[in-house]
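K.L.:
I am attaching a structure below and will ask some questions about it afterwards.
The values are calculated or read from the model by the stated rules, or taken from the named source; none is laboratory data. Bear in mind the structure is a predicted one, so any value in this text is a computation, not a measurement. With ideal geometry, Cβ positions are generated from the backbone for all residues, glycine too; neighbour counts draw on all protein chains shown. Please note that ligands, DNA and RNA were not included when accessible areas were found on the heavy atoms of the full protein model with its side chains. Shrake-Rupley method; radii C 1.70, N 1.55, O 1.52, S 1.80 Å.
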Amino acid sequence: MKKLILFSILTFTLSTIAFSQQYGWIDISANIPGTTKGLSDVYFLSDNEGWISSSWNAEIYHTTDGGLTFEVQTTPLGATQAVQMLDSINGYSGGAGGWVYKTDDGGQNWNILASMGTLLDISFPPGTD
């Protein structure tokens with residue numbers, strides 16, 4: 001009986017290890033163009049598409065392949081502290097300089113929307129248009 005219990009435990013343990021999936025954080029910092037200093041916010045719509053803002057450069061980094069590669073998107077008047085996308089084409093960004101930017105083309109163009117005090121974060125509830 002002891003052998004049967006031991007065999008069952010061993011079989012269960014090995015099958016769990018054999019069929020488990022790899023989940024967790026993956027370091028993509030080497031894939032981000034330029035310096036990774038000053039990265040201030042990250043927003044992903046899915047496992048593949050996301051944006052990272054920079055508080056040091058007037059740049060936002062966009063990926064469509066889960067961070068394997070990034071394209072550089074620029075903001076007109078300076079660095080940004082926050083980025084939030086409503087969907088793959090509409091989003092907002094802003095920073096300590098007080099500028100708020102809006103995009104309606106996935107970040108190819110970040111247009112000045114307003115100026116206000118320091119903006120450190122942007123957040124919209126789910127389903128916001």
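K.L.:
Local charge sum around Thr64 (other residues, Cβ-Cβ under 9 Å, Lys/Arg +1, Asp/Glu -1)?
P.N.:
Result for the local shell: -3.
K.L.:
Right, something else. Ignoring ligands and nucleic acids, what accessible area does Asp41 show with a 1.4 Å probe (Å², nearest 10)?
P.N.:
40
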